Amino acid sequence: MKDVVAVIGAGGIGQAVARRIGAGKHVVLADLRIETAQAAAKILENAGFETSATQADLASRESIRALIEHARGFGPIRNLVNAAGVSPSQAPVAAILKVDLYGTSVLLAEFLMSSRGRWITGSDFLIDGGTTASYFYGDLQYLKATH
Ligand SMILES: NC(=O)c1ccc[n+]([C@@H]2O[C@H](COP(=O)([O-])OP(=O)(O)OC[C@H]3O[C@@H](n4cnc5c(N)ncnc54)[C@H](O)[C@@H]3O)[C@@H](O)[C@H]2O)c1
């Protein structure tokens, strides 16, 4: 068992953050498109990281729960990286709200506040590549990349 970095959104930012914090850990690459997750996992494996790939939809509570179960199978989840999202050039407003706003709230609720448990401990952190601010989430550092 190794400490786990769970990355949802296996695009450019997700992969870059995984490289920075994934050494010596198991890196779970999750994406709406399984082929994107698999390609990212292979790139990181070739760079010496231990990885796995899984499909996950940020906007689906059931999917996030399945991601948590997948990640927990490799060890304790130390870091959560939220780099999934869609921008105005990619999707209409309704889709942006569903994925970036509702999806992020579901992600945090399921990882941190679910009646099923809190899957990240206090000294660990989340990174959100999607929007515009930095927060401290209780004792948990929650970082968001800026535009
Ligand atoms: N690259 C930048 O300069 C920049 C700047 C500001 C904000 N952002 C935002 O940060 C996020 C990550 O940026 P990036 O450059 O890595 O983008 P990217 O497009 O390379 O990666 C985003 C990934 O999110 C996945 N995704 C989309 N909807 C999803 C969903 N519902 N569930 C799971 N995965 C989903 C996509 O398949 C894609 O692989 C995006 O939301 C982007 O809009 C990027």
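Just so it is clear, none of the values below were taken in a lab; they were calculated from the coordinates. On a predicted model such as this, the values are computed, not experimentally measured, just so you know. With ideal geometry, Cβ positions are generated from the backbone for all residues, glycine too; neighbour counts draw on all protein chains shown.
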I want the local charge near residue 51. Using Cβ-Cβ distances under 12 Å, sum +1 for each Lys or Arg and -1 for each Asp or Glu among the other residues. +2
Give the whole-number value, in cubic angstrom per residue, of the convex hull volume spanned by the C-alpha atoms of region 17-72. 69 Å³
For region 47-56, take each phi angle, set θ = phi - 60°, evaluate the Karplus expression 6.51 cos²θ - 1.76 cosθ + 1.60, and give the result in whole Hz per residue in order, putting x for glycine and proline. 8, x, 8, 8, 9, 9, 10, 8, 7, 7
